[in-house]
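Trainee: I have a structure here, written as structure tokens, and I will follow up with some questions on it.
The values are calculated or read from the model by the stated rules, or taken from the named source; none is laboratory data. Because the structure is a prediction, the values reported are computed rather than measured. Using ideal geometry, Cβ is built from the backbone for each residue, glycine included, and neighbour counts are taken over all protein chains shown. Heavy atoms of the whole protein, side chains included, go into the accessibility calculation; ligands, DNA and RNA do not. Shrake-Rupley method; radii C 1.70, N 1.55, O 1.52, S 1.80 Å.
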Amino acid sequence: MGKEAAEDQNHSSLSYRPELREKVIDAIANTMDLYGVNHSFGQLYGIMYFEDRPMTLEEMKTSMNMSKSNMSYAVRSLTESQMIYKLEEKRERQDQYLAETNFFRTFQNFFGAKLQREIDVMQESLREVIPQLSEIILARTTPPEEREDALRDLHKLQHAEQYYEWLQGFVDQLRDGFFYKDAPHESD
């Protein structure tokens with residue numbers, strides 16, 4: 001292959017790079033949508049994933065063509081799930097944000113936070129309800145049919161309690177990196 005043909009092929013492949021990135025950005029947005037994250041938030045994360053530098057809200061707003069309020073909400077949501085981080089240093093008095101590009105860490109942060117929220121909500125409810133069911137079961141004035149129903153509910157909730165104890169262990173291991181200790185790192 002001649003030098004000119006090689007340059008043409010090289011130039012041609014470079015012009016497709018934005019299209020290739022766009023395919024991956026769309027895939028990221030679609031997969032995040034499966035997990036309850038707004039599609040446009042997923043697109044924003046995808047755009048930031050490919051940036052090799054921090055971005056300001058204004059830059060994000062321009063690249064996404066979103067209103068400032070929607071952009072602020074998207075950034076807050078992605079920051080809370082630790083998919084992007086607010087940097088300490090500002091650029092021209094504007095906050096800067098950087099995407100977490102390690103998918104293992106993104107998984108750890110995103111699902112760890114979601115599962116922890118579920119655990120906290122359910123365990124709080126179980127701690128409140130189980131003693132009350134026990135009181136109903138033990139009370140002499142409880143009619144037999146209500147006692148049986150309460151006992152059935154108690155057994156179900158005790159099983160749920162075991163599940164949430166197991167899930168807490170899973171989340172703790174997830175946060176500790178147990179499941180991806182041997183996973184390839186970005187530099188590999």
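Trainee: Okay, helix-only estimate at 222 nm for the chain: each DSSP H run of n ≥ 4 adds -39500 (n - 2.57), divide by all residues, round to 500 deg cm²/dmol; what do you get?
Mentor: -25000 deg cm²/dmol
Trainee: Once region 90-188 is represented by equal point scatterers at the alpha-carbon sites, with solvent omitted, what log10 I(q)/I(0) does the Debye formula produce at q = 0.20 Å⁻¹?
Mentor: Taking Cα atoms of region 90-188 as identical point scatterers yields -0.98.
Trainee: Right, here's the next one. Can you give the angle from 0 to 90° between the axis of helix 144-176 and the longest principal axis of the chain, with both taken from C-alpha atoms, to the nearest 10?
Mentor: Approximately 30 degrees, to the nearest 10.
Trainee: Cross-chain or 8 or more residues apart, Cα under 23 Å: how many lysine pairs in region 1-151 fit that? Count them up, please.
Mentor: 6
Trainee: While we're on this one: Can you give the FRET efficiency for Thr101 and Gln168, using 1/(1 + (r/R0)^6), R0 = 30 Å, r = Cβ-Cβ distance, to the nearest 0.05?
Mentor: So, using R0 = 30 Å, E works out to roughly 0.60.
Trainee: Let me ask another. Would you indicate which of (i) 1.10; (ii) 1.17; (iii) 1.54 is the value of Cα Rg over 2.2 N^0.38 Å derived from the coordinates of this structure?
Mentor: (iii)
Trainee: Further question on the same structure: Can you compute log10 of I(q)/I(0) for region 31-101 with the Debye formula, treating each Cα as one identical point scatterer, at q = 0.13, 0.17, 0.22, 0.26 Å⁻¹?
Mentor: Result of the Debye calculation: -0.31, -0.54, -0.93, -1.32.
Trainee: Just to verify a number: what accessible area does Asp33 come out at with the full protein assembly present, 1.4 Å probe, Å² rounded to tens?
Mentor: Probe radius 1.4 Å; accessible area of Asp33 about 80 Å².
Trainee: Hand me the GluC sites (Glu not before Pro) from region 85-188 located in a DSSP loop with no more than 12 other Cβ atoms within 10 Å, in residue order please.
Mentor: Taking region 85-188 and a limit of 12 other Cβ atoms within 10 Å, the loop GluC sites (Glu not before Pro) found are Glu88, Glu89, Glu92, Glu186.
Trainee: Cα axis of helix 39-50 to longest principal axis of the chain: angle in degrees, 0 to 90, nearest 10?
Mentor: Helix 39-50 sits at roughly 50 degrees to that axis.
Trainee: Where does helix 3-34 land angle-wise versus the long Cα axis of the chain, in degrees 0 to 90, nearest 10?
Mentor: Relative to the chain, helix 3-34 is tipped by roughly 20 degrees.
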